[in-house]
Amino acid sequence: MFRMRKAGTKASNFKLAQSQMMVYLILIFVLLIAQLASPGYLALNHVAGILRLSSFLGIAAIGQTFAILIGGIDLSIANVITFANVIAAQVMSGSDSNMLAALLWVLLMGAAVGVINALGIRFLKIPPFIMTLGVGTIIRGIFLIYTNGAPKGNAAPLLRAICGQSMMGIVSGIVIIWLILSIAVVIIQKITPYGRQIYAIGINEQASRYSGIPTGRIIFSVYILSAVFAALAGYFLVGYTGTSFLDVGSDYNTTTIAAVVIGGTAITGGKGGYIGTFAGAIMMTVLNDFLTIVNIPTAGRQIAQGFIILALVLVYSRGKKHNQ
C-alpha cells in the first residue's frame, strides 16, 4: 500500500513538473514571437525592463498563489496595493531615513487586512470571493477618504534606485529581491511541513482537519501572507513610479489570478505552485508590453489579453488531460 502511494506521489510530481515546464516553453515561444514581430524586443536593456515590471506583479502573486492553493482567492489585493502605495509615499516623503518606518506601516496595514479577511472566511463562513472583494471595496473607500482624492508624498531616493534603475543595464535591485523571495517561497511550498499542509487543505480541507492539520491556523496565515505580499508590492511600486497613484493597483486582482492560473496552479486548489507563477508573471508582463509596443489601445489590450489567457489556459488544460 505504501509503495502504491509513493508511486502515485511520484507520478503526480512528474505531471506537475511537466505542466510547469510547459509554461516556460510557452513563455519562450511568446518571447520569440515578440522578437520576430518587433526586432530588438529581446535586447538586454529591454529584457531588464520586463523583469523589473514583472517583479511587482510577481511579488503580489506570491500571496495569490498561496490563497488559490488552499482553494480560496484574494480579491482585496488590488486595493491593498494602492493603499500601501499611498501610505508608503506619504510616510517616506522623499527621505531615505523614513523608508523603514514606511515599510513597517505598510506591512502592519497588510497584516491587519489579512486578519480581517481570515476572520470573515474562517469564523463567519463568508466565501473568500465575497469576503475579500468586500474588504477590498472598504479599503478603497478608506484610502479615498484618507487622501481626499489627492495622494501626497514621494519615494525615497534609495527606493527609487532599488526599483527603478538597473545595475550595469542588466538587473535591478527589485528583481534580485523578487528572486530571493521566489526561492524562499518555493522552498516553503515544496519542502516544509507548512507547504505540504497548504496543498493538503487545497485538496480536501475536511480530510486535512480530520488528519490533524490545523486548518484554521493555516488559512489564517495564508490570508495574512497574501495581504502582506500585496502591501509589499505596493511599497516597492512607489520606488518605481516615484509617487503614489489612486489607480496603481487597479489591475492586480486580474493579473495576479491570471499569473497563477497560467502558471499551472489549479483554481480549485491543491495543485501547482510558485515555480509556475513566476513564469506566469513574466508572461502577463510580456503580453501587456508587446501589445503596447504594437500600438494596441487599452481596450484592445484587455480584449487581446483575455483571449490569449484563455488560449494559454486551454493549452495547459489539454496538456494536463493528456498526461493523466
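The values are calculated or read from the model by the stated rules, or taken from the named source; none is laboratory data. Since this is a predicted model, take the numbers as computed values, not measurements. Using ideal geometry, Cβ is built from the backbone for each residue, glycine included, and neighbour counts are taken over all protein chains shown.
Test Leu124 against the stated conditions and say whether it is part of a helix (DSSP H, G or I), at pLDDT below 95 and over 14 Å from Ala227 (Cβ atoms).
no
Please go through segment 233-274 and give me each residue that is small (Gly, Ala, Ser) and closer than 24 Å to Arg196 by Cβ, ordered by number.
If the condition is that a residue be small (Gly, Ala, Ser) and closer than 24 Å to Arg196 by Cβ, then Ala259, Gly263, Gly264, Ala266, Gly269, Gly270, Gly272, Gly273 are the ones that fit.
Considering only segment 159-217, give the helices (runs of 4 or more DSSP H) lying wholly within it that have at least 1 residues that are more than 20 Å from Ile68 (Cα to Cα).
Once the helices (runs of 4 or more DSSP H) in segment 159-217 are filtered for at least 1 residues that are more than 20 Å from Ile68 (Cα to Cα), what remains is 173-191, 205-210.
Ile77 is checked against (1) β-branched (Val, Ile, Thr); (2) surrounded by fewer than 17 Cβ atoms within 10 Å (Cβ to Cβ); (3) in contact with a Gly (Cβ under 9 Å, 6 or more places away or on another chain) and fails just one. What number does that condition carry?
(2)
Spot the failing condition for Tyr199; the list is (1) out of contact with any Ser or Thr (no Cβ under 9 Å at 6 or more places or on another chain); (2) surrounded by fewer than 18 Cβ atoms within 10 Å (Cβ to Cβ), and only one is missed.
Of everything listed in (1) out of contact with any Ser or Thr (no Cβ under 9 Å at 6 or more places or on another chain); (2) surrounded by fewer than 18 Cβ atoms within 10 Å (Cβ to Cβ), Tyr199 misses just condition (2).
Filtering segment 167-194 down to residues that are closer than 18 Å to Ala233 by Cβ and of a type in the set (Ser, Thr, Tyr), which residue is modelled with the highest pLDDT?
Of everything passing the filter in segment 167-194, Ser182 is modelled with the highest pLDDT.
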